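J.: Mind having a look at this structure? Questions to follow.
The values are calculated or read from the model by the stated rules, or taken from the named source; none is laboratory data. Just so you know, these numbers come straight off a predicted model, no measurement behind them. Please note: Cβ atoms are built from the backbone with ideal geometry, for glycine as well, and neighbour counts cover all protein chains shown. Accessible surface is based on the protein model in full, side chains and every heavy atom, while ligands, DNA and RNA are left aside. Shrake-Rupley method; radii C 1.70, N 1.55, O 1.52, S 1.80 Å.
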Amino acid sequence: MGMNERYEPQAIESKWQSRWNESRLFEAGRRKGPRKYVLEMLPYPSGKMHMGHVRNYLIGDVYARYFAMKGFDVLHPMGWDAFGLPAENAAIKDKVHPAVRTEENIQSFVKELKSLGYSYDWSREVNTSDPSYYRWNQWFFIQMLEKGIVYRRFSKVNWCTGCLTVIANEQVVDGTCERCESKVEDKEMPEWAFRITKYSQALLDGLDELKEWPERITSMQRNWIGRSEGAEAVFKVEGSGQDIRVFTTRVDTIFGCTYVVLAPDHKLVASITTAERKAEVEVFAAEMAALGKEARTQEGAEKRGVFTGAYALNPFTGARVPVWLANFVLSDYGTGAVMSVPAHDERDFEFAKKYALPVTVVIQPETGEKLSAAALENAFTEYGVLENSGPYSGMKSADARTKMAQDLEAKGLGKLAITWRQKDWGFSRQRYWGTPIPVVYCTTCDPDRRGITVPLEQLPVKLPDIDVSEVLTGRGDPPLAKVPSFVNTTCPRCKGPARRETETMDTFVDSCWYYARYLSPKDDSAPFSPQAGRDWLPVDIYVGGPEHAVMHLLYFRFWSRVMKELGLSPVDEPVRRLITQGIVNGPDGRKMSKRWGNVVQPSSIVAKYGADTARAYVMFAGPPERDFDWSDDQVEGAHRFLKRVWVLAQAHEACASATFSGTYEGKALEIRRAAHKCCKRVTDAIERLSFNTAIAGVMEYVNALYAFEAPSSDAEKAAMAEAIRMLALLLTPFTPHLSEELSESYGGKTATVDQGWPSYDPALVVDDVLPYAVQVNGKLRAEIRAPAAAGEAEVRAIAEADERVKANLAGKQLKKVVFVPKRLLNYVVAGG
RNA sequence: GGGCGGGUGGCGAAACUGGUAGACGCGCCAGACUUAGGAUCUGGUUCCGCAAGGAGUGAGGGUUCGAGUCCCUCCUCGCCCACCA
C-alpha cells in the first residue's frame, strides 16, 4: 500500500468513486439501523451544474454520510425535475426536441455529481419526464378530481395578441409581449385548478408544528396564505334590488364610509350603472381590461376611478353613498368590492381627495389628540375610540369590530368573515413539455365540455412524439392541439370520436410528491408503496434554496395532506427539518452570471484541485444558511489544508502497525487528548449545522499534531496512529476520498462510512488546569491558571497572589466577588 | 409600505444557554530551508501607543458585577411580499 509522496486527488478520487459504486455502498437498506431520509431538492437539469447546486448537495451529503456512520439506514436519493419551460423554449429556438436536450443535460449532471463524490443511492433515480413517473401525476389528477380537489374554472390569463397564445406573467413587459412586443390582454379561458384553499387553514396551522423549519420560511408561508379576519357587509344598491357585498378588516370604521368601490370587472358593474354614466364607465372598464391586471395594479400607479351613477345604502345607517369603480380594487381578493373610509384608510383618502369625495372621522386616537375631517392630512389608520358611530360611539376599535360584525349577522346584512390571500392553484399550461392532463372531450356524452377522465387502466396518456419545428413554435394553439394523432381519440364512454385535453400540468405538480416516489421508484401499481411510506416518511432533512419558500414548499405540503387522505402516506407534513442554503456569489460579490463573467464552474475546481478541496472549501466558507462570495484564495487555503493532512499521515505511516496496551502518559496522552477533543468538537458542530467550525476544529487538530515531534515510544506511535485514524473518520463527511485513502493506509479494512462515527472518552476532553479571567469591576486585569477542581476560595487565593491583581485591588474597598466556575472571577470594588 | 434576515479586524468568519471578543482560514509582515520559490515550515498580525496603558462588535440610550449576546430608539444592507380592503 503506502501513500505517495504527493497528494494527487484526481487519482484517489476516481479510485474511491468506483469502489463505492461497485460495492453499492450508499444504497438504502444496506445498514440495519433506524432509518434516516436525507433529501435535497431535485434539480431542474439545465446546462451545467453551478456552485449553488454543489453547496446544496454538500449539505445533504455531509448529513447523509454522518448519519450512515452513526449506524442509520440512510436514504439519500437524487432525481430530475425534467419537465419545464426552459427546455421547451430552447426547443422553440434551436429546434432540438426537449427530451433530447433534457437527456443530454441529465448526463452532464450525473457526471458532475459523481465527480464530486456525493453519496447517492443511484438505484432509485427518478426522472419526472418519464411516463412511468408522470402516469402517477395523471393518477393523482383523477383521484383528486373525484374528491373535488381538482376542478375546472374560468380564469383570466395573459393573452398575447401577436402570438395568439397564453403567456406567463414574467413574459409581460409593460403590457406587451416580451417576444413579439404585441399587446397583451386579459382573456377568460378555461383552466384546471387545485382547490388548495380548502387546505389554507390546515396549511397555516401546520406551520406551528414545523419547529425545525427556518422561521423566515414559515413566516413567508404565513404571509402568503394571508389569513385575514374581518367582516362582510351588505350594501343594498338603491332602487335595484342588487346587493354589494364588501369585505373589510375594519368594520369599526363603517360609519365613516362615504362611498363604495367595485373592481372594474366586478359582475354587478353592468347592471347597476345608470344610463347617463354608461358610456364613461364602459370606456373605463374596457381600458382596465386592456391594461391587464399587472399593469393596472402596479404600486405607484395613479389612483383612477369613475362614478357609476348608482348609490348604495350603509347597512348600519342607511346612509346613501355613491358607487365607484377604481383601478386598484381587485376582483379576486375578498369580495371584489370595498367600502371606502377615507378618514381611516390611505388609499381611500388619496382617492377621496382626488375626486372630492367627503371625509368623515369616526375613530379618534387613544392618545387624546383630536382629529377633524377638515384638518386631516393623512388617513388615521390605527385603532382608537369610535365616535359619530351611533350606539357604538365610545367603544374601542377591537371591541367594536366583533360587536358590529355580530350585529350585522343578526340583521342578515353581513357576517364575520375570513379572507385568504392564497388562491386556488391553476395548474394547466398550454405547453408541450409536461404531463398531459388525462381528460377527453366528447360532444355526445359531454356536451358541456366538463371533461371525461381517461380510465385508470389506460394510463399513462403519453406525450406524442413530435416534429419539433412544426409543433413547438410558441404561437397559436397549444402544441398538443397541433398533433392530430394525439388529439383524436375515442370516448371511453360511447366509443365515439373524442378529443383529448391538450393542456399539460404545471411542473410544480411533479415536485409535489417525487420524494415519495424514491421510496419505491419502480412500483407500477401505485405512486409509491404505502408500507415504504410508513417506513420512511416524513423526510428527516430537506435541503434547498429559500427561493422555493412559498411555491414548491407550500404545494408539496398541500399534496402531502392529499396523499394522507388517499391512504398513501401516514403524515400531514412531508418534511421534519428544512435547511435553506445561502447563495454562492461570484468573487466580485455579485450573483454568479454569464452577464458579469464571474461564474466559477464546479468542474474546473474539481479538475484543478479535486473534489475534496471543492467540498472542504464550500463547507468551510461560512454557515450553510448564509450567502458567501467565492474566493479563489480561500480555495487555495482549503487545498493547502488537505495537503497538510496528507503529509502528516504520510510522515507517520510507520506508526500504523504500532500497538500499545499500557497506560498512556506524557506526550502520548497529549496526542490522545487532542484527538478526543477534536472528536467532541466536530460531533457537536455537525449536530448544530456548523460545518465551518467543524472543519476549523479539524484544522486546529492538524496543527496540534504537526507540533508533536516524531513519535518514538510504542505508546506515542500507537497514539499517533489512533489520531490519524480519528482524523480520517472525522473528515469523512467533508473529504470522503482523502479519508478513505488515509484510512486504508492505516489499516482500515472497510469504507470509512462503515467504520462508525468515532466516540470520544469524556475523561480525555476535560483539562486538569483551566485558565481563569480575573476582572476588577468587569475589566480584565489578569489571566491565571487554576486546577479544574478548584473552588472559589482556592481560585481567589491564586488570583490575589497575582501582582497585577494586587495592584488593582490596593486601596480599594471590596464590595463583592463574582465567581463563575471554570471561567472567571470578578472583584467589584469601590473607591480608590 | 409590510414581513424576515444581516451589520464583529484589511477580507471570509468564530464566540452553543450574558462570562477572557476576533477561534479557524485568507491576506500581510518577519524568519528558516533554499540556485530560486508564487512550494514548504516556524513565529507575528483588532486599532492607537516605544511602553505602561487606553479604545473597540453600525449609532445612541438602558438593564447587569459583567452585554457582540437582553430591552428601547435610530441608521444601514440584503431577500421576499406588496394599491390585500
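J.: Return the residues of the range A:191-232 that are more than 10 Å from RNA strand B (Cβ to nearest atom) and of a type in the set (G, A, S); say none if nothing qualifies.
T.: A:A193, A:S200, A:A202, A:G206
J.: Also: Would you call A:S712 at negative phi and over 45 Å from the mean Cα position of the chain (by Cα)?
T.: Yes: the conditions hold for A:S712.
J.: Out of everything in the range A:626-650 that is within 8 Å of RNA strand B (Cβ to nearest atom) and more than 33 Å from the chain's Cα centre (by Cα), what residue ends up being nearest to A:L738 (Cα to Cα)?
T.: Checking each candidate, the answer is A:K643.
J.: Here is a further query. Kindly indicate the residue of the range A:758-777 that is modelled with pLDDT under 90 and within 22 Å of A:T683 (Cα to Cα) and also farthest from RNA strand B (Cβ to nearest atom) among those meeting that condition.
T.: If we take residues in the range A:758-777 being modelled with pLDDT under 90 and within 22 Å of A:T683 (Cα to Cα), then A:V766 is farthest from RNA strand B (Cβ to nearest atom).
J.: Another question about this same structure. Give the residue, chosen from A:T249, A:T258, that is among the β-branched types (V, I, T) and near RNA strand B (Cβ under 10 Å from one of its atoms).
T.: A:T249
J.: Take the range A:559-600 and flag every residue that is of a type in the set (S, T, Y) and either outside any loop (DSSP other than H, G, I, E, B) or touching a residue at least 60 places away in the same chain (Cβ under 8 Å) (or both).
T.: Answer for the range A:559-600, where residues must be of a type in the set (S, T, Y) and either outside any loop (DSSP other than H, G, I, E, B) or touching a residue at least 60 places away in the same chain (Cβ under 8 Å) (or both): A:S560, A:T580.
J.: In the set A:A398, A:A374, A:A410, which member is at pLDDT below 90, in a helix (DSSP H, G or I), open to solvent by 60 Å² or more (accessible area, probe 1.4 Å) and not charged (D, E, K, R)?
T.: A:A374
J.: So which of A:D348, A:D332 ends up being surrounded by 22 or more Cβ atoms within 10 Å (Cβ to Cβ), among the acidic types (D, E) and within 16 Å of RNA strand B (Cβ to nearest atom)?
T.: After applying the criteria, what remains is A:D348.
J.: Across the range A:291-329, what is the total count of residues that are at pLDDT 95 or above and within 10 Å of RNA strand B (Cβ to nearest atom)?
T.: 0
J.: Let me ask another. With respect to the numbered conditions (1) open to solvent by 10 Å² or more (accessible area, probe 1.4 Å); (2) in contact with a helix residue (DSSP H, G or I) (Cβ under 7 Å, 6 or more places away or on another chain); (3) near RNA strand B (Cβ under 10 Å from one of its atoms), which one is the sole condition not fulfilled by A:I695?
T.: Evaluating A:I695 over (1) open to solvent by 10 Å² or more (accessible area, probe 1.4 Å); (2) in contact with a helix residue (DSSP H, G or I) (Cβ under 7 Å, 6 or more places away or on another chain); (3) near RNA strand B (Cβ under 10 Å from one of its atoms) leaves (1) as the failure.
J.: Since A:S712 meets every condition but one in (1) more than 15 Å from RNA strand B (Cβ to nearest atom); (2) crowded, with 21+ Cβ neighbours inside 10 Å, which condition does it not meet?
T.: The single condition A:S712 does not satisfy is (2).
J.: Another question about this same structure. Go through (1) out of contact with any helix residue (DSSP H, G or I) (no Cβ under 6 Å at 6 or more places or on another chain); (2) in contact (Cβ under 8 Å) with a residue 40 or more places away in the chain; (3) surrounded by fewer than 17 Cβ atoms within 10 Å (Cβ to Cβ) for A:S428 and report which single condition fails.
T.: Result: A:S428 fails condition (3) only.
J.: Looking only at residues that are of a type in the set (S, T, Y) and over 17 Å from A:V329 (Cα atoms) in the range A:252-283, which one is most open to solvent (accessible area, probe 1.4 Å)?
T.: My answer is A:S271.
This table checks each residue for (1) open to solvent by 30 Å² or more (accessible area, probe 1.4 Å); (2) under 24 Å from A:E670 (Cβ atoms).
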site: A:V753; (1), (2): no, no
site: A:A763; (1), (2): yes, yes
site: A:D768; (1), (2): yes, yes
site: A:P771; (1), (2): yes, yes
site: A:A789; (1), (2): yes, yes
site: A:E792; (1), (2): yes, no
site: A:V795; (1), (2): no, no
site: A:I798; (1), (2): yes, yes
site: A:K806; (1), (2): yes, no
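To keep it simple, each residue is scored yes or no on (1) farther than 22 Å from A:G47 by Cα; (2) open to solvent by less than 50 Å² (accessible area, probe 1.4 Å).
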{"residue": "A:G597", "(1), (2)": "no, no"}
{"residue": "A:V600", "(1), (2)": "no, yes"}
{"residue": "A:K608", "(1), (2)": "no, no"}
{"residue": "A:G622", "(1), (2)": "yes, yes"}
{"residue": "A:D627", "(1), (2)": "yes, no"}
{"residue": "A:W630", "(1), (2)": "no, yes"}
{"residue": "A:D633", "(1), (2)": "yes, no"}
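Residue-wise test of (1) open to solvent by 20 Å² or more (accessible area, probe 1.4 Å); (2) more than 30 Å from A:M144 (Cα to Cα); (3) without any contact (Cβ under 8 Å) to a residue 12 or more places away in the chain.
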| residue | (1), (2), (3) |
| --- | --- |
| A:L519 | no, no, no |
| A:S525 | yes, no, yes |
| A:G545 | no, no, no |
| A:R557 | no, no, no |
| A:A614 | no, yes, no |
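J.: Here is a check on your reading of the model: is A:M339 closer than 21 Å to A:A231 by Cβ and either away from RNA strand B (no atom under 16 Å from the Cβ) or in a helix (DSSP H, G or I) (or both)?
T.: no
J.: Also, I was wondering about something else. Filter the range A:43-79 for residues that are assigned to a helix (DSSP H, G or I) and within 14 Å of A:T732 (Cβ to Cβ) and give the result.
T.: A:L58, A:D61, A:V62, A:Y63, A:A64, A:R65, A:Y66, A:F67, A:A68, A:M69
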